[in-house]
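A quick write-up on the structure given underneath.
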Amino acid sequence: MTATRDTEGTGHAVPWLPYGVAGVKIVFILAVFRLLSTPFSEEMFGEQWLPMPTWDWALASATPTLLVLLARRPVDWSALSGELTILRIALTFYLVYGLAFAALQGKAVLWASVLAGLVGLVAIHLLNRKEPVHDS
């Protein structure tokens, strides 16, 4: 079970981390489905039903970065450590897609996904290097 966090000293513990992880996974699955639906519709039906992702991709790429930045406390980070692989995969995928389409097709809004991917990966790297705080 993941650790809970006391909100503002009220003594009420809120188990927010599992919901954040589930949200990141759902958004990642939907983003991949959204990305693959465009070429699929063009191949199967001869026309694009949806344009290639732009602003929605930039928004989706911010979700794992926000989760990493919100879970930077040692208690939350240790609870999140089991999910780091999926977070790295999602951030790398968002980064590569954003970089490819921002550079090759000139979609300026996708630079936001590149930035979100870089910030998320750097944050994961820095938080993993941090010495865990041990309570006495």
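Worth a mention:
- Against the numbered list (1) assigned to a helix (DSSP H, G or I); (2) among the hydrophobic types (A, V, I, L, M, F, W, C); (3) open to solvent by 70 Å² or more (accessible area, probe 1.4 Å), Leu35 comes up short only at (3).
- Condition check for Glu42: loosely packed, with under 14 Cβ neighbours inside 10 Å and either assigned to a helix (DSSP H, G or I) or modelled with pLDDT of 80 or more (or both): yes
- Residues of the range 20-63 satisfying the condition of being farther than 17 Å from Ala112 by Cα and among the small types (Gly, Ala, Ser): Gly20, Ala22, Gly23, Ser37, Ser41, Gly46
- Being more than 22 Å from Ala22 (Cβ to Cβ), out of contact with any Leu (no Cβ under 6 Å at 6 or more places or on another chain) and part of a helix (DSSP H, G or I) is not true of Leu66.
- Condition met for Leu127 (closer than 20 Å to Pro18 by Cα and under 17 Å from the mean Cα position of the chain (by Cα)): yes
- Trp57 vs. criteria surrounded by 18 or more Cβ atoms within 10 Å (Cβ to Cβ), over 28 Å from Arg129 (Cα atoms) and of a type in the set (Phe, Trp, Tyr): yes
- Only residues that are more than 30 Å from Met52 (Cα to Cα), touching a residue at least 40 places away in the same chain (Cβ under 8 Å) and open to solvent by 10 Å² or more (accessible area, probe 1.4 Å) were counted across the range 71-102, and they come to 7.
The values are calculated or read from the model by the stated rules, or taken from the named source; none is laboratory data. These numbers were taken from a predicted model, which means no experiment stands behind them. Glycine also receives a Cβ, built like all others from the backbone with ideal geometry; neighbour counts cover every protein chain displayed. Surface accessibility is based on the protein's heavy atoms, side chains included, excluding ligands, DNA and RNA. Shrake-Rupley method; radii C 1.70, N 1.55, O 1.52, S 1.80 Å.
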